[in-house]
Amino acid sequence: MNTKLDYYRVFSEVAHHGSFSTAAEKLFVSQSAISQCIQQLESDLNTQLFVRSRRGVTLTREGKLLLPKVDNALSSITQGETLLAQLHHLNAGSLMIAAGDTVTTHYLLPYLEKFHTLYPDIRIEMTNSYSAKLVQYVKEGKAELAFVNLPISDEELSVESCLTIHDVFVCGPDFPQKESYSWKELAEQPLILLEPNSTSRKFVEKEFKKAKIPLSPKIEIAVHDLLLRFASIHLGISCVVKEFSEESIQNSSVKVLNVEPPLKERSIGCAYLKHNPLSHAAQAFLELIRKKS
């Protein structure tokens, strides 16, 4: 016992039991070690803390003033150690995630459900926005993990690819469609696209721009699921993420157009601060993602 904290632990035990020998038994040390600790603490504080007698020891006035402060401090330390143990074993704490509405709905929900089943005491906090804003949330400490459209390049971030996605064009079940469409022919159709500031819209426009084909959508909307709904009622041809549209495709409420060549695949990734250690909760959630990737 060579630190001040140990001296205070000894002081508390002696004060509550009124005995050096009992304190020694409780702390599994010798009585002489207890005596030496108290002497050193009294020397360090330049204050007598106990009155010794044959029947034991009692606190001096100064000792009585010190005891509740020491007990409070020791209790706070114990609470802190308990909390850290709970965090380590995922019995407390929070998981802060940032993601777009579509990614949350069609990709993250099963992982969130499983995580909650495994760690019901972890509070899940979700923040939704566009990819550029999601990255900013991580940098500001408002989220630990951000699920964003790739690629992104940022020296402050580590980025892991989680899911490969494919942008496809869909129409309603009775829409008169050709056997296949070139990009130029597709651009002449009544297109339904996401808003211009969405990452998916920017990706599609960039690919068509490379081919020198401008896109002039008939309808622009903010929600991916409405792309499917609008196409299903024959308002036009929607550009959607195939992996997020499987249910609508499988039940034939929409049909995938054959486009030649198809748009190149892209990815959804998880971004987090490179030099900040992730919480145990964030590590556990990311491990669920990795197992399925």
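Remark: relative contact order (the range 62-205) = 21 percent; criterion is Cα-Cα distance under 8 angstrom and separation of 6 or more residues.
Pairs exceeding 25 Å between alpha-carbon atoms, taken from 184/242; 139/264; 139/209; 178/264; 114/264; 202/242: 139/264; 139/209; 114/264.
Annotation for the range 264-293 versus the range 170-201: alpha-carbon center distance of 33 Å. Where both bridge residues fall in the chain, DSSP classifies roughly 60% of the beta bridges as antiparallel. Put in order of Cβ neighbour count within 10 Å, fewest first, the listed residues 174, 225 become 174, 225.
Is the shape of the range 102-141 best called rounded, prolate or oblate, per the rule: a/c under 1.5 gives rounded, else a/b larger than b/c gives prolate, else oblate, with a ≥ b ≥ c the square roots of the Cα gyration tensor eigenvalues? The shape class here is oblate.
Could you work out how much longer the chain between residue 30 and residue 113 gets when fully extended? Use 0.36 nm per residue separation minus the Cα distance between them, nm to one decimal. Walk me through the numbers before you get to the answer.
Values: separation 83, 0.36 × 83 = 29.88 nm, distance 5.33 nm.
Computed gain between residue 30 and residue 113 is 24.6 nm.
Given the alternatives (1) 24.1; (2) 23.5; (3) 18.8, Kirkwood radius over Cα pairs in Å as computed for this entry is given by (1).
Couplings 3J(HN,Hα) of the range 147-155, computed from phi: 9, 10, 6, 9, x, 9, 10, 8, 5 Hz, in residue order, whole Hz [Karplus 6.51 cos²θ - 1.76 cosθ + 1.60, θ = phi - 60°; x for Gly and Pro].
Here the Karplus curve 6.51 cos²θ - 1.76 cosθ + 1.60, taken at θ = phi - 60°, turns the phi angles of the range 191-205 into couplings of 8, 10, 10, 5, 4, x, 7, 6, 5, 5, 5, 4, 4, 5, 4 Hz, with x standing for Gly and Pro. Using only the alpha-carbon atoms, how far is helix 4-17 inclined from the longest principal axis of the chain? Give it as 0 to 90 degrees, nearest 10. Roughly 60 degrees between the two axes. Couplings for the range 219-226, taken from phi via the Karplus curve 6.51 cos²θ - 1.76 cosθ + 1.60 with θ = phi - 60°, read 9, 10, 9, 9, 10, 4, 5, 6 Hz in order; Gly and Pro are left as x.
Taking amide H as placed 1.01 Å from N in the peptide plane, residue 181 has its amide H under 5 Å from the amide H of 258, 259, 260, each at least 5 places away in sequence or on another chain. Between the amide H of residue 60 and those of 50, 51, distances stay under 5 Å, these residues lying 5 or more places away or on another chain, with hydrogens modeled in the peptide plane. Counted by neighbouring Cβ atoms within 10 Å, the residues 274, 242, 291 run from fewest to most as 291, 274, 242.
Readers should treat all values here as calculations from the given coordinates under stated rules, not as data from a laboratory. Please read all numbers here as calculations on a predicted model, not as lab measurements. Glycine gets a Cβ as well: all are built from the backbone with ideal geometry, and neighbour counts include every protein chain shown.
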